[in-house]
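This report concerns only the one structure given below.
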Amino acid sequence: MSGVVVLKTAEAVERTVASWRSRGHSISLVPTMGALHEGHLSLVSIARKRSKRVIVSIFVNPAQFGPDEDFSEYPRTFEEDREKLSRAGAHAIFLPDEHMIYPMGFSTSVLVSGLTESLCGRFRPGHFNGVTTVCAVLFGIVRPDIAVFGRKDAQQLTVIRRMVRDLHMRVQVVSGPVVREPDGLAMSSRNRYLRTEERRQSTALYRGLCKAAELVSDGERNADRIVGRAMEIIDSSPLVMVQYIELVDPFSLKPLLRMKRKGLLAVAASVGETRLIDNIMLGPEGAIEEE
Ligand code: PAF
């Protein structure tokens with residue numbers, strides 16, 4: 001028997017949260033689209049350390065998929081997810097349906113401009129709009145003290161932090177590190193789409209990022225040379241088609257000409273039919289890990 005309670009409506013979430021609150025419990029939300037892997041479970045573990053109660057939302061959000069994207073094929077693995085969350089010690093799963101999140105007449109959209117047009121925004125118009133809108137709805141229903149997001153979606157994290165700041169949302173955004181397979185590929189629900197040879201070549205992304213970090217630790221500061229070196233590594237894997245690779249300021253997401261105190265090196269590529277993203281945070285000594 002699974003020890004995690006499944007809540008399907010806003011009212012059920014509100015009742016549960018109110019009863020936790022009445023006992024003085026702090027609450028974390030981990031928003032997900034399901035198809036959970038170790039990366040998600042590491043966010044649950046962070047949430048457990050930071051608060052008394054953890055609620056994980058599972059909702060494949062149609063508003064963040066483009067018309068040619070994988071919304072209908074996106075893996076839906078609820079029974080496995082529930083088992084994993086139960087073992088990971090989550091207390092509740094919020095499993096709304098589309099109508100619950102976007103009832104008839106829903107007409108609000110949250111747009112964070114300036115941060116959403118570059119990087120993935122160039123290739124996925126409207127995507128971040130869908131992400132911020134659904135997160136605003138989820139925050140409104142759950143009213144968590146803390147919301148936990150992975151740093152693999154670095155642009156998403158920056159955008160959500162800006163939304164929370166701008167709209168004075170009373171939630172603290174906490175981030176968790178990129179969790180990788182033993183060969184370096186960043187964990188993603190979409191990795192399961194990769195065919196054998198695609199999966200093998202996908203490791204080029206992280207190898208490219210690591211090479212760039214090495215260059216920075218050797219003193220290179222010129223963005224073109226840093227990016228160029230990463231690109232050379234990735235290009236040697238012909239199935240990995242880079243959409244963008246850019247060194248940007250981690251707060252403004254604007255391109256850097258030279259590495260300063262900090263730079264986010266972000267990459268997106270299509271590998272066969274699958275779109276993958278990855279990134280590495282760079283400091284003067286090379287790769288850095290930070291919240
Ligand atoms: O990162 C994701 O899985 C999604 O973008 C999120 C934050 C759950 C919003 O749908």
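The values are calculated or read from the model by the stated rules, or taken from the named source; none is laboratory data. Since we're looking at a predicted model, the values are computed, not measured. So basically every Cβ, Gly included, is an ideal-geometry build from the backbone, and we count neighbours across all protein chains shown. Side chains included, ligands, DNA and RNA excluded: accessible areas come from the protein's heavy atoms. Shrake-Rupley method; radii C 1.70, N 1.55, O 1.52, S 1.80 Å.
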Give me the one-decimal Kirkwood hydrodynamic radius in Å for the range 183-291, with the sum taken over alpha-carbon pairs.
13.9
Between helix 10-22 and the chain, what is the angle of the helix's C-alpha long axis to the longest principal axis, kept within 0 to 90° and rounded to the nearest 10?
80
Can you send over the carbon and sulfur percentage of the accessible area for the range 1-43, probe radius 1.4 Å, protein chains only?
55
If you take every DSSP beta bridge whose two residues both sit in the chain, what share of them, in percent to the nearest 5, is antiparallel?
55
Counting Lys +1, Arg +1, Asp -1, Glu -1, what net charge surrounds VAL17 among other residues with beta carbon under 14 Å of its beta carbon?
+4
What does the charge add up to near MET100, with Lys and Arg as +1, Asp and Glu as -1, over the other residues with Cβ less than 14 Å from its Cβ?
-3
Descending packing, highest mean Cβ count within 10 Å first, for 82-90, 164-172 is 82-90, 164-172
Sequence gap at least 6, Cα distance under 8 Å: using those rules, report the relative contact order of the range 1-155 to the nearest whole percent.
36
Cα pair distances exceeding 16 angstrom across the range 136-202, given as percent:
56
Could you work out the local net charge near LEU167, counting Lys and Arg as +1, Asp and Glu as -1, over the other residues with Cβ closer than 14 Å to its Cβ?
+4
Computed helical MRE - 222 nm, the chain, DSSP H runs ≥ 4 contributing -39500 (n - 2.57), nearest 500:
-11000 deg cm²/dmol
Report the label-to-label distance for ARG161 and ASP70 in nanometres (one decimal), using points 7 Å from each Cα along the Cα→Cβ vector.
2.8
Based on the alpha-carbon gyration tensor of the range 67-135 and its eigenvalue square roots a ≥ b ≥ c, which shape applies: rounded if a/c is under 1.5, prolate if not and a/b is larger than b/c, or oblate?
prolate
Given bins 5 angstrom wide, list per bin the percent of all Cα-Cα distances in the chain, short to long.
1, 5, 12, 15, 18, 17, 13, 9, 5, 3, 1, 0
Counting all Cα-Cα pairs in the range 1-85, those more than 19 Å apart amount in percent to 46
Quick one: compute the contact order of the chain, relative version, from alpha carbon pairs under 8 angstrom and 6+ residues apart, as a percent.
17
Trypsin sites (Lys or Arg not before Pro) lying in DSSP loop within the range 189-291, provided at most 14 other Cβ fall within 10 Å:
ARG195, LYS260, ARG261
